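**Q** Let me give you the structure first, and then I'll get to my questions.
The values are calculated or read from the model by the stated rules, or taken from the named source; none is laboratory data. Note that the structure is predicted; figures quoted are calculated from it, not measured. Heads up, the Cβs are rebuilt from the backbone with ideal geometry, glycines too, and the neighbour counts pull from every protein chain shown. Side chains included, ligands, DNA and RNA excluded: accessible areas come from the protein's heavy atoms. Shrake-Rupley method; radii C 1.70, N 1.55, O 1.52, S 1.80 Å.
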Amino acid sequence: MKKLIYSIITIMLLSLSGFAQNQPVKEFHIIYADWDGWGRTSRDCKGFGLCKFTSCTFCCTEGDVIVSCNDNQKVPNSGVIKIDEKTNQGFLTIRLDISIKEQNDAVKNKETLYLDEDLISENIILYKGEYNFDPSLGNDGGYIVRASLK
């Protein structure tokens, strides 16, 4: 009986390892982004867009949320950029939080997020465009913004 159980376990492990070898492995760069406020650059940081965007690879984080290195509080205007290592293309994911007034207004009104021009940090480009509100992101909805490594 033990021999039968060991045989079954061995077959299962070999099957799983063969399955894993046939699956493509995707490698991603994870980069964090923050911005000073919600606003369109073409309107002197008024309207609904990203104002004064920066990116950082070595931010203080808790899970996939940027926190202040001083007091561990969540940075309210932030998101995660995931870049495919092979194509250098990816997306900034912004998950809104309805406890923050501007973000609550965006959720209630299903605001379009405007990037009037490409936003460039030291290593990331966020692409110009109009980005529709996506209610499926996080608990409150958010945005997916096209990005790439510079």
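**Q** Before we move on, is Thr61 closer than 18 Å to Glu117 by Cβ, polar (S, T, N, Q) and open to solvent by 40 Å² or more (accessible area, probe 1.4 Å)?
**A** Taking the combined requirement at face value, the residue does not satisfy it.
**Q** Please pick out the residue among Ile100, Ile81, Ile31 that is closer than 19 Å to Phe133 by Cα and under 17 Å from the mean Cα position of the chain (by Cα).
**A** Working: Ile100 fails: under 17 Å from the mean Cα position of the chain (by Cα); Ile31 fails: closer than 19 Å to Phe133 by Cα.
Answer to the check: Ile81.
**Q** Ok, one more. Starting from segment 70-86, take each residue that is closer than 17 Å to Ser55 by Cβ and list its partners that are open to solvent by 90 Å² or more (accessible area, probe 1.4 Å) and modelled with pLDDT under 85, counting only C-beta distances under 6 angstrom and pairs at least six apart or across chains.
**A** That search, which allows pairs on different chains as well, returns Glu85/Glu27.
**Q** Counting only residues that are in contact (Cβ under 8 Å) with a residue 24 or more places away in the chain and not in a strand (DSSP E or B), which one in segment 88-103 is surrounded by the most Cβ atoms within 10 Å (Cβ to Cβ)? Steps first, answer last, please.
**A** Step one: filter segment 88-103 for residues in contact (Cβ under 8 Å) with a residue 24 or more places away in the chain, giving 88-98, 100, 102-103.
Checking the rest, the ones that are also not in a strand (DSSP E or B) come to 88, 96-98, 100, 102-103.
Numbers: Asn88: 13, Leu96: 25, Asp97: 17, Ile98: 14, Ile100: 16, Glu102: 15, Gln103: 21.
The residue in question is Leu96.
**Q** Go through segment 35-58 and report how many residues are touching a residue at least 24 places away in the same chain (Cβ under 8 Å) and assigned to a loop (DSSP other than H, G, I, E, B).
**A** Qualifying residue count for the region: 1.
**Q** Here's a follow-up. Looking at segment 88-104 only, could you name the residues that are in contact with a strand residue (DSSP E or B) (Cβ under 8 Å, 6 or more places away or on another chain) and among the hydroxyl-bearing types (Ser, Thr, Tyr)?
**A** Selection gives Thr93 alone.
**Q** Next question, about the same structure. Here are the criteria: (1) modelled with pLDDT under 75; (2) open to solvent by 80 Å² or more (accessible area, probe 1.4 Å); (3) of a type outside the set (Ser, Thr, Tyr); (4) in contact with a strand residue (DSSP E or B) (Cβ under 8 Å, 6 or more places away or on another chain). Tell me which single one Gly47 does not satisfy.
**A** That leaves (2) as the condition not met.
**Q** Of all residues in segment 106-150, count the ones that are under 19 Å from Arg95 (Cα atoms), assigned to a loop (DSSP other than H, G, I, E, B) and of a type in the set (Ser, Thr, Tyr).
**A** The total comes to 3.
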